[in-house]
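Report on the following structure.
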Amino acid sequence: MSRRLRFLASFILFLFVVVAAQSAYIQFFQSEKLVSSSLNPRISQASTLYARGEIVAADGTILAQSVPVKGPYPWQRLYPLGSLTSGVVGFSSPSYGVWGLEAQYDSYLSAHAQPPQSLAQLLAPSSSADTLNLTIEPALQTIARNALAGKDGAAVVLDPRNGAVLAMYSNPNYDPTPLVSSDFTVAAKAWKNYTSKNANGFPPLGLMATQQTFPPGSTFKVITTAAAVIGRPDLISKPYPVEKFARLPGSNKLLYNSGNTKCGGTIAEMLPASCDPGYALLGMDLGGSLLAATANAFGFNDTPPLDLPGTVRSFFPDGSVFSNDIPQLAYSSIGQQNVRATALQDALVAAAIANGGVMMAPHLMSFISSSDGSIVKRFKNSVWKNPLTQLQASQIVPWMQNVVRFGTAAGIFLAKDDVAAKTGTAQTGNSANNTDTWMIAFAPALHPTVAVAVVVPLQPVSAFGSTVAGPITKCLVEGALALQKGLPTHGTSTTCAK
């Protein structure tokens, strides 16, 4: 009997030690994470018990605010522009916590103790929320929505000089209003709809611009070009044969040009024409190590430091992968095979070339102000990557200008806007029965103030980057340039009329 009692006492002591250890682990190592978790009821319901700070667009438009309501909670979040900006603004829901910028800057947007400004405030501390001021321009968001015209896709507009995100719009998207309802049934129904994938496999609650990757197609040829400029300048003037296809070593595959047309020549001749076989041969000449290093220098395989949860990295294979698979290197050189990019990443590529080889860190926050209007925090511009020297970037710019003048983007942009661009059309799907259509661009080419990337995935095989993504890019370039000049953002041309 005494042996059983000793065993039972030892077992109870062991359980006590386990409980104590778990309690200590939670208190000392997990407490901060649990306290800040959006699943913590004290956090998720805080927005309904206290007024949260406003989220304001660059033009002063209120994107999120707390309004007094009758019901179980005194405050409810209101999103005046709804789905137009929900992808970046997110939501603050009593049922589902916080997401998007509401989550990123929750500590500022939640009511918190303010520094005392007087003896009275020192004795009786006050609490209030801060205001989040963004770089987003609602006018450009509207242009992106109208130009996409209901198609699944994403558009990103950056100021290449400082990384400010001027627009970031994706479709599908969602209206955050039902998510902030105090009626759980209403919120739950919306949550189920928003987290379910649409016919093309994209959930409305996700932000395609930062969370979905696609083969970048021929927009990647800009990076292949940069690899030659950086590491093999001797290849810049090398003439590649004018053929309909390129033969791939160690394979019986023939890499054909689009439409089975002949193309070739030097880089200056091949980039405007977007010559697939010529760039495949160029990629094989460059080698996997140099191409991978250049892709990494532009931010591939690294998560962009955007102040928004859920941002994913783009992908380019390690150089060693190609040592025994030269055909893969050929296809990767033209942005196909297993190369993947987000719209944000492609916009950053365009912005880096536009900004003399310097890639600025992208950001949505402009500044944060307190309830008395004083500045609490201002975004500090910073360099994220520096893939090219200014001289190297300046070599690529005229080739991208020629894409617009007489290449695959000819006839899309207004001559006065002096646009440099690159189209992209990547075959996708199990039987290559769809195309992911792309375009990247910046303007004015010699003194760029705007960089754009647009992707419209899963289009018919008859669709091209120039025909689908091109018109959207055109409207965003025109709108951004007009906005920067203080002009109306619509009606610049008949194709971009509001």
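The values are calculated or read from the model by the stated rules, or taken from the named source; none is laboratory data. Computed from a predicted structure; not experimentally measured. Don't worry about glycine lacking a Cβ; one is built from the backbone with ideal geometry, like all the others, and counts go over all protein chains shown. Side chains are part of the model used for accessible areas, which takes the heavy atoms of the whole protein and leaves out ligands, DNA and RNA. Shrake-Rupley method; radii C 1.70, N 1.55, O 1.52, S 1.80 Å.
Results for (1) part of a helix (DSSP H, G or I); (2) more than 30 Å from GLY71 (Cα to Cα); (3) open to solvent by less than 10 Å² (accessible area, probe 1.4 Å), shown as yes or no for each residue.
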| position | (1), (2), (3) |
| --- | --- |
| ILE136 | no, yes, yes |
| ARG145 | yes, yes, no |
| ALA155 | no, yes, yes |
| PRO160 | no, yes, yes |
| VAL186 | yes, no, no |
| TYR194 | yes, no, no |
| LEU205 | no, no, no |
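For the range 352-369, the set of residues classified as over 13 Å from the mean Cα position of the chain (by Cα) and open to solvent by less than 10 Å² (accessible area, probe 1.4 Å) consists of ALA352, ILE353, GLY357, MET359, MET365, ILE368, listed by residue number.
Determine, yes or no, whether PHE300 is of a type in the set (Phe, Trp, Tyr), out of contact with any Asp or Glu (no Cβ under 6 Å at 6 or more places or on another chain) and in a loop (DSSP other than H, G, I, E, B).
Details: of a type in the set (Phe, Trp, Tyr): yes; out of contact with any Asp or Glu (no Cβ under 6 Å at 6 or more places or on another chain): yes; in a loop (DSSP other than H, G, I, E, B): yes.
When the stated conditions are applied, PHE300 passes them.
Applying a threshold of 9 Å to beta carbon distances and a minimum spacing of six or more residues, or different chains, the list of pairs starting in the range 247-265 at a residue that is on the phi < 0 side of the Ramachandran plot and ending at one that is at pLDDT 90 or above and loosely packed, with under 13 Cβ neighbours inside 10 Å reads ARG247/LEU254; LEU248/LEU254. Against the definition (over 14 Å from the mean Cα position of the chain (by Cα) and crowded, with 18+ Cβ neighbours inside 10 Å), how does ALA226 come out, yes or no? Against the criterion (over 14 Å from the mean Cα position of the chain (by Cα) and crowded, with 18+ Cβ neighbours inside 10 Å), ALA226 qualifies. Of all the residues in the range 290-307, those that are within 30 Å of SER366 (Cβ to Cβ) and open to solvent by 10 Å² or more (accessible area, probe 1.4 Å) number 8.
Residues being surrounded by fewer than 24 Cβ atoms within 10 Å (Cβ to Cβ) and more than 20 Å from TYR331 (Cα to Cα): count how many of those fall in the range 414-447. Looking only at that region, the number is 9. VAL312 meets the conditions (1) open to solvent by less than 40 Å² (accessible area, probe 1.4 Å); (2) aliphatic (A, V, I, L, M); (3) part of a loop (DSSP other than H, G, I, E, B) in every case but one. The failed one is (1).
Given the structure, is LYS151 in contact (Cβ under 8 Å) with a residue 40 or more places away in the chain, charged (D, E, K, R) and surrounded by fewer than 18 Cβ atoms within 10 Å (Cβ to Cβ)? Write out each step before concluding.
Working: in contact (Cβ under 8 Å) with a residue 40 or more places away in the chain: yes; charged (D, E, K, R): yes; surrounded by fewer than 18 Cβ atoms within 10 Å (Cβ to Cβ): yes.
Taking the combined requirement at face value, the residue satisfies it.
Report yes if some residue within the range 67-84 is outside any helix (DSSP H, G or I), among the polar types (S, T, N, Q) and open to solvent by less than 20 Å² (accessible area, probe 1.4 Å); otherwise report no.
Filtering the range 67-84 for residues outside any helix (DSSP H, G or I) gives 67-81.
Adding the requirement that they be among the polar types (S, T, N, Q) leaves 76.
After this cut, where a residue has to be open to solvent by less than 20 Å² (accessible area, probe 1.4 Å) as well, the list is none.
No, that holds for no residue.
Looking only at residues that are assigned to a helix (DSSP H, G or I) and under 11 Å from the mean Cα position of the chain (by Cα) in the range 207-223, which one is surrounded by the fewest Cβ atoms within 10 Å (Cβ to Cβ)?
Here is the first cut: in the range 207-223, the ones assigned to a helix (DSSP H, G or I) are 208-211, 217-223.
Checking which are under 11 Å from the mean Cα position of the chain (by Cα) leaves us with 208-211.
Values: MET208: 27, ALA209: 30, THR210: 27, GLN211: 20.
This residue is GLN211.
Name the pairs whose Cβ atoms lie under 6 Å apart, with the first residue in the range 364-393 and within 16 Å of ALA113 (Cα to Cα), the second part of a loop (DSSP other than H, G, I, E, B), and 6 or more positions between them or separate chains? Listed by first residue and then by second, the contacts come to ILE368/ASP130; SER370/ASP130; VAL376/ASP130; VAL376/SER370.
Quick one: which residue in GLY278, GLY264, GLY335, GLY283 is part of a loop (DSSP other than H, G, I, E, B) and small (Gly, Ala, Ser)?
On the way: GLY278 fails: part of a loop (DSSP other than H, G, I, E, B); GLY264 fails: part of a loop (DSSP other than H, G, I, E, B); GLY283 fails: part of a loop (DSSP other than H, G, I, E, B).
Going through GLY278, GLY264, GLY335, GLY283 in turn, the sole match is GLY335.
Counting only strands (runs of 3 or more DSSP E) that fall entirely inside the range 376-456 and contain at least 2 residues that are of a type in the set (Ser, Thr, Tyr), the qualifying elements are 420-428, 434-443.
Looking for something in contact with a helix residue (DSSP H, G or I) (Cβ under 8 Å, 6 or more places away or on another chain), at pLDDT 95 or above and farther than 21 Å from VAL89 by Cα - is there at least one such residue anywhere in the range 159-168? Taking every residue of the range 159-168 in turn, at least one turns out to be in contact with a helix residue (DSSP H, G or I) (Cβ under 8 Å, 6 or more places away or on another chain), at pLDDT 95 or above and farther than 21 Å from VAL89 by Cα.
When the range 162-184 is limited to residues that are assigned to a strand (DSSP E or B) and touching a Phe, Trp or Tyr at 6+ places or on another chain (Cβ under 9 Å), the one that is farthest from PRO204 (Cα to Cα) turns out to be ALA164. Apart from one condition, GLU137 fits all of (1) within 19 Å of TYR50 (Cβ to Cβ); (2) modelled with pLDDT of 95 or more; the exception is (1). Among the residues making up the range 453-465, those that are under 14 Å from LEU148 (Cα atoms) and either open to solvent by 10 Å² or more (accessible area, probe 1.4 Å) or of a type in the set (A, V, I, L, M) (or both) are ALA453, VAL454, VAL455, VAL456, LEU458, GLN459.
Among the candidates ALA297, ALA341, ALA352, single out the residue that is touching a residue at least 12 places away in the same chain (Cβ under 8 Å) and either β-branched (Val, Ile, Thr) or closer than 20 Å to VAL88 by Cβ (or both).
Numbers: ALA297 fails: either β-branched (Val, Ile, Thr) or closer than 20 Å to VAL88 by Cβ (or both); ALA352 fails: either β-branched (Val, Ile, Thr) or closer than 20 Å to VAL88 by Cβ (or both).
Selected residue: ALA341, the only one of ALA297, ALA341, ALA352 that is touching a residue at least 12 places away in the same chain (Cβ under 8 Å) and either β-branched (Val, Ile, Thr) or closer than 20 Å to VAL88 by Cβ (or both).
Residues in the range 85-99 that are outside any loop (DSSP other than H, G, I, E, B) and either open to solvent by less than 10 Å² (accessible area, probe 1.4 Å) or free of Cβ contacts under 8 Å to residues at least 24 places away in the same chain (or both): SER86, VAL88, VAL89, PHE91, SER92, SER93, GLY97.
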